[in-house]
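In what follows, a structure is listed as structure tokens, so that the remarks can point back to it.
The values are calculated or read from the model by the stated rules, or taken from the named source; none is laboratory data. This structure is a prediction, so every number in the text was calculated from the model and none was measured. Here the Cβ is made from the backbone with ideal geometry for all residues, glycine too, and neighbour counts use every protein chain on show. The protein model used for the area step is the full one, side chains on, heavy atoms only, and it has no ligands, DNA or RNA in it. Shrake-Rupley method; radii C 1.70, N 1.55, O 1.52, S 1.80 Å.
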Amino acid sequence: MSEEANPFESLQEQVDDAAEFLDVSPDVLERLKNPERVLETNLSVEMDDGRLELFRAYRSQFNGDRGPYKGGIRYHPGVSRDEVKALSGWMVYKTAVVDIPYGGGKGGIVIDPDRYSESELERVTRSFAKELRPFIGEDKDVPAPDVNTGQREMNWIKDTYETLENTTAPGVITGKALDSGGSEGRVEATGRSTMLTAREAFDYLGKEMEGATVAVQGYGNAGSIAAYLIEDLGASIVAASDSSGAIYNPDGFDARAAKEHKAETGSLSDFDGASEKMTNEDLLTLDVDLLVPAALENAIDGDLAHDVQADVVVEAANGPLTPEADDVLTDRDVAVFPDILANAGGVTVSYFEWVQNRQRFHWSEERVNDELETVIVDAFEDLVDAYESNDVPNFRTAAYVVAIQRVVDTYEQGGNWP
């Protein structure tokens with residue numbers, strides 16, 4: 001995989017590609033390609049042994065034209081300023097493509113959470129929450145979970161904010177535990193939107209999901225849930241991977257059993273439902289009907305894209321294809337359905353959680369899933385309309401055409417100030 005691909009430059013290139021099919025002035029376009037502000041801070045946190053350790057942390061607020069900034073917080077050694085800028089930009093267009101009233105934000109801490117105790121992670125999280133406090137709020141910026149964070153960290157941030165502000169504000173953050181104001185259906189949401197996008201894509205392309213072979217790169221929350229929900233549609237999960245490597249069974253394996261094995265042992269390796277092991281690169285180039293990249297960005301670069309054999313790619317991860325890979329797959333007529341639609345279930349159900357928090361009213365899981373399906377199916381239809389009516393080269397560009405136009409319309413209606 002290419003380590004040189006800059007995700008922020010990839011985002012800007014994707015926006016430029018779509019802008020060719022829109023009537024947007026260069027000055028407005030430049031505004032849509034850069035964040036409004038980026039917080040960069042150093043967290044000085046006491047470890048269990050009494051020593052201090054410094055952690056670099058970021059929060060990028062990219063564009064707030066359509067509503068409060070919205071986006072996750074990730075804990076990963078590879079977090080960088082350009083990464084959070086890119087991810088916050090993708091969030092702008094993700095919320096716009098599914099037409100929910102948010103802008104885009106993203107945050108992260110440069111940390112390997114596996115190296116720290118729970119009490120240390122709590123102090124790191126609360127330290128970051130203290131730094132974020134002036135910038136977040138129910139009507140300002142609403143963070144959420146991302147890579148290596150979840151309900152626990154969101155609960156800590158909510159508690160820190162409410163304690164310092166001496167208030168009750170469950171809508172300050174989403175992805176919380178149910179008892180702390182979380183929403184039914186939030187844990188499955190990203191995987192569910194990936195499944196819904198895959199289902200609609202196969203239907204649109206005239207392909208059968210029953211018996212289709214599927215490879216999933218990245219078996220975390222989004223990838224594993226997408227796998228078993230796609231399996232429920234009659235598909236066969238033949239390969240999956242995590243940081244320990246990839247597993248393969250040409251006859252398919254039980255996606256839920258693989259998820260349980262990973263939860264119990266910490267990895268997919270030695271899962272007895274798979275007959276072979278392979279590398280991540282082998283998985284990405286398998287001859288399958290559907291490939292679901294569900295790990296980190298830039299998983300497939302221009303070189304590897306020449307070897308991808310999947311007929312359809314549905315992106316559960318953020319930015320798993322470089323622009324060069326996009327060009328290669330477009331030339332090879334591989335249908336790629338982009339992250340800003342496929343993994344938008346997370347932010348959509350986060351929106352539902354925020355609405356419930358503001359109303360102090362709780363929705364059933366059935367209602368959440370029904371509302372999510374409506375949002376994703378409607379957004380897919382908008383994407384297809386843009387694809388068919390704008391002569392765009394691929395579905396990603398079509399998605400950006402829809403999303404950028406919505407952001408531009410809102411900006412122009414509000415005008416520029418001062």
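Averaged per residue, region 5-146 has 38 square angstrom of accessible surface, using a 1.4 angstrom probe with ligands and nucleic acids left out. Over the C-alpha atoms of region 236-313, the Rg to Rh ratio, Rh being the Kirkwood estimate, stands at 0.96. Rounded to the nearest 5, what % of DSSP beta bridges with both residues in the chain are antiparallel? Once the DSSP bridges in the chain are tallied, antiparallel ones form about 50 percent. Cα-based radius of gyration for region 113-170, normalised by 2.2 N^0.38 Å, reads 1.10.
For the pair region 78-135 and region 318-357, the centres of their Cα atoms are 18 angstrom apart.
Rounded to the nearest 0.05, the FRET efficiency derived from the C-beta distance between Asp16 and Ser80 at R0 = 22 Å is 0.50. Taking Cα centre as origin and charging only the Cβ of basic (Lys, Arg, +1) and acidic (Asp, Glu, -1) residues, the dipole magnitude of the chain rounds to 1880 debye. Explain nothing, just the number: relative contact order of region 237-323, from Cα pairs under 8 Å at least 6 residues apart, as a whole percent. Averaging sequence separation for qualifying contacts and normalising by length gives 25 percent for region 237-323. Three semi-axes describe the equivalent ellipsoid of the chain; taken as square roots of 5 times the Cα gyration tensor eigenvalues and ordered largest first, they are 31, 27, 21 Å.
Listed peptides 327-339, 35-47 appear in the order 327-339, 35-47 once ranked by packing, highest mean of other Cβ atoms within 10 Å at the front. Tally Lys and Arg at +1 and Asp and Glu at -1 over the other residues with C-beta under 9 Å from the C-beta of Gly234: what net charge comes out? Within the 9 Å Cβ shell, the charges total -4.
Return the tail of the calculated pair distribution for region 331-418, meaning the percent of Cα-Cα pairs more than 15 Å apart. So the portion of pairs separated by more than 15 Å is 68 percent. Here Lys277 is the anchor, and the lysines within straight C-alpha reach of less than 22 Å, apart from those fewer than 8 places off in the same chain, are Lys259, Lys262.
Share of carbon and sulfur in the accessible area of the chain stands at 42%, probe radius 1.4 Å. In summary, the lysines within cross-link reach of Lys106, defined as a Cα separation below 18 angstrom excluding same-chain residues under 8 places away, comprise Lys33, Lys70, Lys85, Lys94, Lys130, Lys140, Lys158, Lys176.
Where only DSSP H runs of four or more residues are counted, the chain gives -14000 deg cm²/dmol as its mean residue ellipticity at 222 nm, each run worth -39500 (n - 2.57).
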